[in-house]
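Q: Before anything else, here's the structure in question.
The values are calculated or read from the model by the stated rules, or taken from the named source; none is laboratory data. Just so it is clear, the structure is predicted and the values come from calculations on it, not from any experiment. All Cβ positions, glycine included, derive from the backbone under ideal geometry; neighbour counts span all protein chains shown.
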């Protein structure tokens, strides 16, 4: 069957169209819109402009789906609509203006779907799974291909930028504010002790993808390589965290749409990598949408 899955994230909105069977799937089409919904949150609520941004993105996707003659479509939202005070109002307005019924998934479901999607692509049975989004970060410890523990935290690349950074890239004060927020959310979490040092970290999300892309430029890695060592990650972070012209030029060449959010996101990534003592990181081609497809749609085929 042909079906579409739309993921309303805090930084971007993504549509993927699949040809799916009971146990297999093939990606036919995908598109991303940078809607930056987290930047429209005011006093904890998504503003009318933010709701309209979400509606505008969904209307664009509706046009693509109509052209492709895709009728079976599932739409879910993560922290973009989960971590606001006016979730029901936003859902009602989105339905009235677009006709889409949006499912708001929990932090644990987001971690589960992200892990499930990643495991469709990355053959790692034991390690750490990390998904750094715009307004939340999901971290899981897994063994034997199954999640042992999973948590979702209300910090993300766009949220940290909005809360802590006054210019395009962080200055000294911004770095300190970001560090304090990361420490405040993650410092006392016990799951950092639940895996052996030297484990692999499997990642999804735009920050991790950009990290591997930037590392490829610095270390002349093959374009198709999806992994880097901890030493390469550390050297990349050292370059980016100077937040100077060279760092900005590097981001603009490889991931220009993340010029303002990449450094905050990389600060979360490095903190998690340091705390777990990983040996390296692998970035999956798949993500929460593929996990949602496996867990929610293929089980009904």
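Q: Go through (1) within 25 Å of residue 160 (Cα to Cα); (2) at pLDDT 95 or above one by one and return the number of the condition residue 92 breaks.
A: Answer for residue 92: the failing condition is (1).
Q: Could you check region 271-293 and list, in sequence order, the residues that are more than 18 Å from the chain's Cα centre (by Cα), touching a residue at least 24 places away in the same chain (Cβ under 8 Å) and not in a strand (DSSP E or B)? Give the derivation first.
A: Initially, region 271-293 is screened for residues more than 18 Å from the chain's Cα centre (by Cα), giving 274-280.
Next, only the ones that are touching a residue at least 24 places away in the same chain (Cβ under 8 Å) stay: 275-280.
Scanning region 271-293 gives 275, 276, 277, 278, 279.
Q: Return yes when residue 76 is in the same structural domain as residue 29 (by TED's automatic domain parsing) and either part of a strand (DSSP E or B) or surrounded by fewer than 21 Cβ atoms within 10 Å (Cβ to Cβ) (or both) and no when it is not. First the steps, then the outcome.
A: Details: in the same structural domain as residue 29 (by TED's automatic domain parsing): yes; either part of a strand (DSSP E or B) or surrounded by fewer than 21 Cβ atoms within 10 Å (Cβ to Cβ) (or both): yes.
In short, yes.
Q: Can you confirm whether residue 261 is in the same structural domain as residue 153 (by TED's automatic domain parsing), surrounded by 14 or more Cβ atoms within 10 Å (Cβ to Cβ) and under 15 Å from the mean Cα position of the chain (by Cα)?
A: Details: in the same structural domain as residue 153 (by TED's automatic domain parsing): yes; surrounded by 14 or more Cβ atoms within 10 Å (Cβ to Cβ): yes; under 15 Å from the mean Cα position of the chain (by Cα): yes.
Criteria met by residue 261.
Q: Out of region 25-44, which residues are part of a loop (DSSP other than H, G, I, E, B) and buried (at least 20 other Cβ atoms within 10 Å of the Cβ)?
A: Residues of region 25-44 part of a loop (DSSP other than H, G, I, E, B): 34-36, 43-44.
The answer is 35, 36.
Q: I've got another one for you. Select from region 273-288 the residues that are touching a strand residue (DSSP E or B) at 6+ places or on another chain (Cβ under 7 Å) and over 17 Å from residue 212 (Cα atoms) and write down the one among them that is surrounded by the most Cβ atoms within 10 Å (Cβ to Cβ).
A: Checked region 273-288; the qualifying residue surrounded by the most Cβ atoms within 10 Å (Cβ to Cβ) is 288.
Q: Further, regarding this structure: Under the condition of being in contact (Cβ under 8 Å) with a residue 24 or more places away in the chain and crowded, with 18+ Cβ neighbours inside 10 Å, which residue from region 87-105 is farthest from residue 138 (Cα to Cα)?
A: Looking at residues that are in contact (Cβ under 8 Å) with a residue 24 or more places away in the chain and crowded, with 18+ Cβ neighbours inside 10 Å, I get 98.
Q: Just to confirm my filter: which strands (runs of 3 or more DSSP E) fall fully inside region 89-163 and include at least 2 residues that are over 27 Å from residue 227 (Cβ atoms)? If you could, list the steps in order and put the result at the bottom.
A: Details: elements: 102-104, 127-132, 137-143, 146-153.
Where strands (runs of 3 or more DSSP E) fall fully within region 89-163 and carry at least 2 residues being over 27 Å from residue 227 (Cβ atoms), they are 102-104.
Q: Take region 50-73 and flag every residue that is within 20 Å of the chain's Cα centre (by Cα) and surrounded by fewer than 19 Cβ atoms within 10 Å (Cβ to Cβ).
A: none
Q: I'd like the full set of residues that are surrounded by fewer than 18 Cβ atoms within 10 Å (Cβ to Cβ) and in contact with a strand residue (DSSP E or B) (Cβ under 6 Å, 6 or more places away or on another chain), limited to region 169-199.
A: 185, 191, 194
Q: Kindly check whether there is at least one residue in region 238-252 that is within 30 Å of residue 18 (Cβ to Cβ) and touching a residue at least 12 places away in the same chain (Cβ under 8 Å). Quick ask: steps written out before the conclusion?
A: Restricting attention to region 238-252, the residues satisfying the condition of being within 30 Å of residue 18 (Cβ to Cβ) are none.
No - not one qualifying residue is present in region 238-252.
Q: To continue, here is another question. Given the structure, is residue 128 under 17 Å from the mean Cα position of the chain (by Cα), in contact (Cβ under 8 Å) with a residue 24 or more places away in the chain and closer than 22 Å to residue 273 by Cβ?
A: Working: under 17 Å from the mean Cα position of the chain (by Cα): yes; in contact (Cβ under 8 Å) with a residue 24 or more places away in the chain: yes; closer than 22 Å to residue 273 by Cβ: yes.
So residue 128 passes the test.
Q: For region 205-219, give me each residue that is within 12 Å of residue 139 (Cβ to Cβ) and either in contact with a helix residue (DSSP H, G or I) (Cβ under 7 Å, 6 or more places away or on another chain) or surrounded by fewer than 24 Cβ atoms within 10 Å (Cβ to Cβ) (or both). Outline the logic, then answer.
A: First, the residues of region 205-219 that are within 12 Å of residue 139 (Cβ to Cβ): 205.
Matches in region 205-219: none.
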